[in-house]
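The values are calculated or read from the model by the stated rules, or taken from the named source; none is laboratory data. Keep in mind it's a predicted model, so treat the numbers as computed, not measured. Every residue, glycine as well, gets a Cβ built from its backbone with ideal geometry; the counts of neighbours run over all protein chains shown.
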Amino acid sequence: MHAIVCLKQVPDTAELPKVEPADVMQGTLKVTRVVNPWDEYAIEEALRLKEAHGGKVTALTLGPAEATEALRAAVAMGSDEAVLLSDPAFGDGDAWTIGYTLAQAIRQIGQYDLVLCGKETVDGNSGLTAATTARYLSIPLLTCVIKIREVDFTAHTITVERLVEEGLEVVSAPLPAVVAVIKGINEPRYPSFRGIRTAARMAIPVWGMGDIAGLEADKASEAAAAVRWTNIRKPPARAAQCEIIEADTVEEQARILADRLLAAKVI
Amino acid sequence: MSVFVWIEQFNGTPVSLSWEVLGKARQLADARGTTVAAIVLGQGVEEIARQAIGYGADTVYLADDATLASFRLDPYAAVLKRLIEEHQPAILLWGGTSRGRELAAAVSADLGLGVAAECLDLRLDDEGNLVATRPIYTGNILTDVVFRRRPQMATVRARAFPMPEADASRSGEVIAIPAVLREEEIPVKVVGFEQAGTGEVSVAEANIIVSGGRGVKGPEGFQPIRELAAVLGAAVGASRAAVDAGWIPYKHQVGQTGKQVRPDLYIACGISGAIQHLAGMRTSKVIVAINKDPEAPIFQVADYGIVEDLFKVVPALTEVLKERLAR
Ligand SMILES: Cc1cc2nc3c(=O)[nH]c(=O)nc-3n(C[C@H](O)[C@H](O)[C@H](O)COP(=O)(O)OP(=O)(O)OC[C@H]3O[C@@H](n4cnc5c(N)ncnc54)[C@H](O)[C@@H]3O)c2cc1C
Ligand SMILES: Nc1ncnc2c1ncn2[C@@H]1O[C@H](COP(=O)(O)O)[C@@H](O)[C@H]1O
């Protein structure tokens, strides 16, 4: 079994309010970086598959040199190998350039059964990359996966439960496939002491534009991005001046609140 | 160069977000003096095609086929790809549901287009190009997305636009189109389905959400929350702390790793207001906080606050509203 986990290094969620528009524009965020929360579920799921079926887990990310730290975190949890895709020429890609580049790198990594992704990233919030990667690999995509019910690496089949708006859908597909997981699929483990030591010592390969066979530069570079972010700004501050409702009894407080809500025409 | 909208359905029932998106598409098309086409895929869904005309479509492309009965990426994307290549729409819009996002992403990769995901607003610039406003950094930054290629595609967040009025007297044309893939060519099979709790309002679509956090203290603590929600016709939401404790299923979770919601009214009960929770509900129109701790950060985003035990306030509010709303 070989599972490749696509993960991204993102700002620590607790520090997202500190992100300033100017920093986004210059690509210089002054925040602590962590593994994207959803991607931790993807790593954990890959490790559980390895424990159940044998095989190996490869962590893959596209990002700046610092993103090796996110790969080290995945290795500390138990991933066997890691690859960093990094090149100034990738620039600020979007779901298409990144999905394309990830797909080409996955082909180069070689034989694999599963590509695991998170639902979305907390910085781009697009939730598109798993799909673009799957399309560029021409393999099935299973999103919103909350449980892997059955996987057979000999028959090359997988059956998963997907949590969609209306309920739980059970779907099967041939392998290899891209699986995007959601919270609830597992509880990610903490890195072990040994894992942290292994990760610290590991020499992690860095692949640039020229190191990925068949990669067409004009599809992988920032200039190929299909969309552009403009007018990057803070959302208007909530004009909330909280009115604390005080009265002698809770019944009275409830009555006043009901009056306010009726007046605001929200009920 | 018209505006296309994918009309999503599940088991033959249209997803109401699709009508919100269609209403907005109508506005954009009118501003440009162009037409709106709706795309309906499924099996036994002619009625939805007719409804789409009532909600503003001039043309409906209807692919009615057994291979399209449940949503599956490959057969759906194949039909959309063919339609886009044939008609070259200027703009293509989707509801930002799990299916809408996945389909938009796949179509965009297949055709080398772009998508702006989870948009809160859409407008046209002076040249008639789409400008899509969306939150990034989990709601802490906004950006206007512009596109380098056409069609310009966007998925739209639930309740970003009002539900249009249906007009049964509108006329339009329904054009039947074939499916593109045969069953043998489709790798993914849907083998089962378990309906979510019936009659429950989902947090993504609700006008009103009553949420409970760690302050409800246990699974039974959600009972008063549910009773208040029932009186208001509201959805029940929850903080991650309540979900992680196993008091309520994940689908109720509001916040960064849960649902991002924007109801008219959000009532937070026993929720402290952590940044990750606020990320999911801060854009609600009116926020009420009920919390024992006057220092809880939730009061910084709330419009109305009651500093009290939720187990006293929530039942009292339920009683008052029962009378006022006569339900
Ligand atoms: C990567 C990441 C993602 C996250 N994603 C989410 C997310 O999607 N959604 C989310 O909600 N959180 C999320 N969190 C967790 C978040 O940081 C908080 O831990 C969580 O929101 C706290 O939940 P809470 O407000 O219910 O609990 P607490 O912070 O413990 O607050 C409980 C509140 O209840 C009040 N209270 C207690 N008893 C009563 C009573 N009887 N009457 C009235 N008030 C009472 C207390 O004063 C307190 O303010 C995430 C965290 C991380 C790190
Ligand atoms: N730069 C990246 N490197 C590796 N994987 C990524 C990258 N960006 C996104 N992903 C994967 O795609 C998922 C969805 O990301 P997004 O489309 O950015 O919301 C993430 O949870 C990751 O699994």
Please verify whether residue A:104 is out of contact with any helix residue (DSSP H, G or I) (no Cβ under 9 Å at 6 or more places or on another chain) and either within 12 Å of chain B (Cβ to nearest Cβ) or modelled with pLDDT of 95 or more (or both), treating the condition exactly as stated.
no
Would you mind telling me which numbered condition in (1) under 24 Å from the mean Cα position of the chain (by Cα); (2) surrounded by fewer than 20 Cβ atoms within 10 Å (Cβ to Cβ); (3) within 11 Å of another protein chain (Cβ to nearest Cβ) residue B:230 fails?
(3)
Go through (1) outside any helix (DSSP H, G or I); (2) of a type in the set (Phe, Trp, Tyr); (3) away from every other protein chain (no Cβ under 14 Å) one by one and return the number of the condition residue B:19 breaks.
(1)
Can residue A:51 be described as away from ligand 1 (no atom under 16 Å from the Cβ), free of Cβ contacts under 8 Å to residues at least 12 places away in the same chain and away from chain B (no Cβ under 14 Å)?
yes
Candidates A:46, A:52, filtered to the one that is buried (at least 21 other Cβ atoms within 10 Å of the Cβ), under 30 Å from residue A:159 (Cβ atoms) and modelled with pLDDT of 95 or more
A:46
What number of residues within the stretch A:65-96 are at pLDDT below 95, under 16 Å from the mean Cα position of the chain (by Cα) and more than 9 Å from ligand 2 (Cβ to nearest atom)?
1
Tell me which residues, restricted to the stretch A:17-43, are in a helix (DSSP H, G or I), acidic (Asp, Glu) and surrounded by fewer than 21 Cβ atoms within 10 Å (Cβ to Cβ).
A:23
Within the set of pairs 6+ apart or on separate chains, which have a first residue in the stretch A:152-163 that is in contact (Cβ under 8 Å) with a residue 60 or more places away in the chain, a second that is among the acidic types (Asp, Glu) and surrounded by 14 or more Cβ atoms within 10 Å (Cβ to Cβ), and C-beta atoms under 6 Å apart?
A:153/A:113
In the stretch A:55-114, which residues are among the acidic types (Asp, Glu) and not in a helix (DSSP H, G or I)?
A:80, A:81, A:87, A:92, A:94, A:113
Any residue at all in the stretch A:215-231 that's closer than 30 Å to residue B:144 by Cβ, assigned to a loop (DSSP other than H, G, I, E, B) and in contact with an Asp or Glu (Cβ under 8 Å, 6 or more places away or on another chain)?
yes
Within the stretch B:289-327, the count of residues that are in contact (Cβ under 8 Å) with a residue 24 or more places away in the chain, under 19 Å from residue B:279 (Cα atoms), aliphatic (A, V, I, L, M) and more than 7 Å from every other protein chain (Cβ to nearest Cβ) comes to 3
Please go through the stretch A:209-243 and pick out each residue that is farther than 15 Å from residue A:98 by Cβ and of a type in the set (A, V, I, L, M, F, W, C).
A:213, A:232, A:237, A:239, A:240, A:242
Checking residue B:76 against (1) within 14 Å of another protein chain (Cβ to nearest Cβ); (2) in contact (Cβ under 8 Å) with a residue 60 or more places away in the chain; (3) of a type outside the set (S, T, N, Q): exactly one of these is not met. Which one?
(2)
Taking residue A:126 and the conditions (1) more than 16 Å from ligand 1 (Cβ to nearest atom); (2) closer than 15 Å to residue A:8 by Cα; (3) over 13 Å from the mean Cα position of the chain (by Cα), which numbered condition does it fall short on, given that it satisfies the others?
(3)
Of everything in the stretch B:275-288, what is hydroxyl-bearing (Ser, Thr, Tyr) and more than 8 Å from chain A (Cβ to nearest Cβ)? Give them in sequence order.
B:284
Let me confirm something: among A:212, A:245, which residue is more than 7 Å from every other protein chain (Cβ to nearest Cβ) and either in contact (Cβ under 8 Å) with a residue 12 or more places away in the chain or aromatic (Phe, Trp, Tyr) (or both)?
A:212
Taking the stretch A:139-156 and keeping only residues that are assigned to a strand (DSSP E or B) and at the interface with another protein chain (Cβ under 10 Å from one of its Cβ atoms), one is left with A:141, A:142, A:143, A:144, A:146, A:149
Looking only at the stretch A:248-267, and only at residues there that are part of a loop (DSSP other than H, G, I, E, B) and not hydroxyl-bearing (Ser, Thr, Tyr), the one that is farthest from the other protein chains (Cβ to nearest Cβ):
A:248
Within the stretch B:50-62, restricting attention to residues that are part of a helix (DSSP H, G or I) and either among the hydroxyl-bearing types (Ser, Thr, Tyr) or surrounded by fewer than 24 Cβ atoms within 10 Å (Cβ to Cβ) (or both), which residue is nearest to the chain's Cα centre (by Cα)?
B:51
The number of residues in the stretch A:155-167 that are farther than 17 Å from residue B:102 by Cα and surrounded by 18 or more Cβ atoms within 10 Å (Cβ to Cβ) is 2
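Conditions (1) more than 9 Å from chain A (Cβ to nearest Cβ); (2) crowded, with 21+ Cβ neighbours inside 10 Å; (3) within 16 Å of ligand 2 (Cβ to nearest atom), marked per residue:
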residue	(1), (2), (3)
B:187	no, no, no
B:208	no, yes, no
B:213	yes, yes, no
B:216	yes, yes, no
B:221	yes, yes, no
B:248	yes, yes, no
B:251	no, yes, no
B:256	no, yes, yes
B:272	yes, no, no
Part of a strand (DSSP E or B), more than 22 Å from the chain's Cα centre (by Cα), of a type in the set (D, E, K, R) and more than 8 Å from chain B (Cβ to nearest Cβ), is that true of residue A:161?
no
Within the stretch B:124-147, which residues are part of a loop (DSSP other than H, G, I, E, B) and either within 10 Å of chain A (Cβ to nearest Cβ) or surrounded by 21 or more Cβ atoms within 10 Å (Cβ to Cβ) (or both)?
B:137, B:138, B:139, B:140
Search result, residues across the stretch B:202-255 that are β-branched (Val, Ile, Thr) and out of contact with any Phe, Trp or Tyr (no Cβ under 9 Å at 6 or more places or on another chain):
B:203, B:225, B:231
